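Trainee: One structure coming up, written as structure tokens, with questions to follow.
Every read-out reported here was derived from the displayed coordinates using simple, explicitly stated rules and does not represent laboratory data. Note that the structure is predicted; figures quoted are calculated from it, not measured. Note that each Cβ is placed from the backbone with ideal geometry, even for glycine, and that neighbours are counted across all protein chains shown.
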Amino acid sequence: MKLLIGNIKMNLISQIERENYFKGLGNSLMGRDFKNVQIVLCPPAIHLEAFSKKNQSKFISIGAQNIHEEERGRFTGEVSAPMIKNFGGDYVIIGHSERRNFFGESNELINKKIKVAIKNNLIPIFCVGETIIERENGEVKTVISNQVLEGLKDISQSQIANLIIAYEPIWSIGTGKIPKTDEVMEVRILLQKILRDLLGLSLDKLPRIVYGGSVDSRNIKNLCIESGMDGVLVGGESLHPIDFIKIGEALENN
Ligand code: PGA
């Protein structure tokens, strides 16, 4: 089963935009039955309940884009894991590079968020990835190893097996620049090696690993299918239901 995760980010700014989105999605899905693809839509938290009530497809699940590391309390403006669960979410993106960069999220904080997500039966979509400078300096391995080892610290092997890791090279997010198939494959192999050799997971119990960064229906073959990834995390194209579902079709048929 391949994963098609849509990160809507801070878009759909009104009920009208949201209703149009539902209409577009409904039209694009008309008569389709995905058997090999699980779609996860991650709208802004304010839309989560509407998305989950509207959703009637067995192949679509709903997720959040972020959570606070505590479950409740005096944290003005924040949204917690149990809230997401109670309002229809089953997944949550954690450690997206925009959260790391704009909101100063550290690996340590991300680790706390992954733990509270698991405790509340949310499946974390744990994002890792290097900057262009880190890639040019040959630091991909070090950066990703640190992110994974610190992000997954003190989390059990069976819990790690159930989460999703998203490899998102930061230089590729929203830029239209994409890595070569071989480069994606190298990181997939690196992640599997870290999970096996350093975290002790067995080969048949590895978490699913997806690719994210400028994915569209034209490059999906190179970025996901040929690189052996288990799916994709899509930003920009998730705002356009027709194009988004085209990505799903490519995953379904390959
Ligand atoms: P993009 O975003 O598809 O617009 O590059 C991906 C992401 O931020 O997850």
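Trainee: Take the alpha-carbon positions of the chain, form their convex hull, and give its projected area averaged over all directions (one quarter of the hull surface) in nm².
Mentor: The orientation-averaged projected area of the Cα hull of the chain comes to 12.9 nm².
Trainee: In nm, to one decimal, how far is the modelled label at N253 from the one at D154, with both set 7 Å along Cα→Cβ?
Mentor: In this crude label model, N253 to D154 measures out at 4.9 nm.
Trainee: Give the residue from L251, I39, C127 lying farthest towards the positive end of the charge dipole for the chain; charges sit on Cβ (+1 for Lys and Arg, -1 for Asp and Glu) and the dipole is referred to the Cα centre.
Mentor: In the chain, that residue is I39.
Trainee: Same structure, new question: Starting with the highest mean, order 136-149, 191-204 by the number of other Cβ atoms within 10 Å, averaged over the residues of each peptide.
Mentor: So the peptides 136-149, 191-204, ranked by packing, come out 136-149, 191-204.
Trainee: What is the spread of the Cα atoms of the range 1-144 along each of their three principal axes, largest first, in whole Å?
Mentor: Reported extents, whole Å, longest axis first: 48, 40, 28.
Trainee: Turning to a different aspect of this structure: For labels at K53 and Q15 in the simple 7 Å Cα→Cβ model, what's the distance in nm?
Mentor: Distance between label points: 1.0 nm.
Trainee: Once Lys and Arg get +1 and Asp and Glu get -1 on their Cβ, which of G26, G213, L3 lies farthest toward the positive end of the dipole of the chain?
Mentor: Going by the charge dipole, the pick is G26.
Trainee: Okay, next question. Which helices of the chain meet both criteria: a Cα extent of 15 Å or more along the helical axis and a mean Kyte-Doolittle score no lower than 0.0, with helices taken as whole DSSP H segments?
Mentor: 140-151, 241-252
Trainee: Net charge near S227, counting Lys/Arg +1 and Asp/Glu -1 over other residues with Cβ under 11 Å of its Cβ?
Mentor: -2
Trainee: Say R0 is 22 Å: what FRET efficiency, to the nearest 0.05, do T76 and F103 get from their beta-carbon distance?
Mentor: Calculated transfer efficiency: 0.90.
Trainee: Sticking with this structure for a sec: Return the calculated 222 nm mean residue ellipticity for the chain, to the nearest 500 deg cm²/dmol, obtained by summing -39500 (n - 2.57) across DSSP H runs with n ≥ 4 and dividing by the residue count.
Mentor: Mean residue ellipticity, 222 nm, calculated: -11000 deg cm²/dmol.
Trainee: Dipole of the chain, Cα-centred, from +1 at each Lys and Arg C-beta and -1 at each Asp and Glu C-beta, to the nearest 20 debye?
Mentor: Result for the chain is approximately 600 debye, rounded to the nearest 20.
Trainee: Another one. List the residues, sorted by chain then number, that are 5 or more residues from Q38 or on another chain and whose placed amide H is less than 5 Å from its amide H.
Mentor: Close amide H contacts, sequence-distant or interchain: K2, L3, L4.
Trainee: If you don't mind, there's one more thing I want to ask. Of K2/K112; K2/K246; K23/K221; K115/K153, which sit over 20 Å apart, Cα to Cα?
Mentor: Cα-Cα > 20 Å for K2/K112; K23/K221; rest within.
Trainee: Given Cα pairs under 8 Å that are at least 6 residues apart, what percent is the relative contact order of the chain?
Mentor: Averaging sequence separation for qualifying contacts and normalising by length gives 21 percent for the chain.
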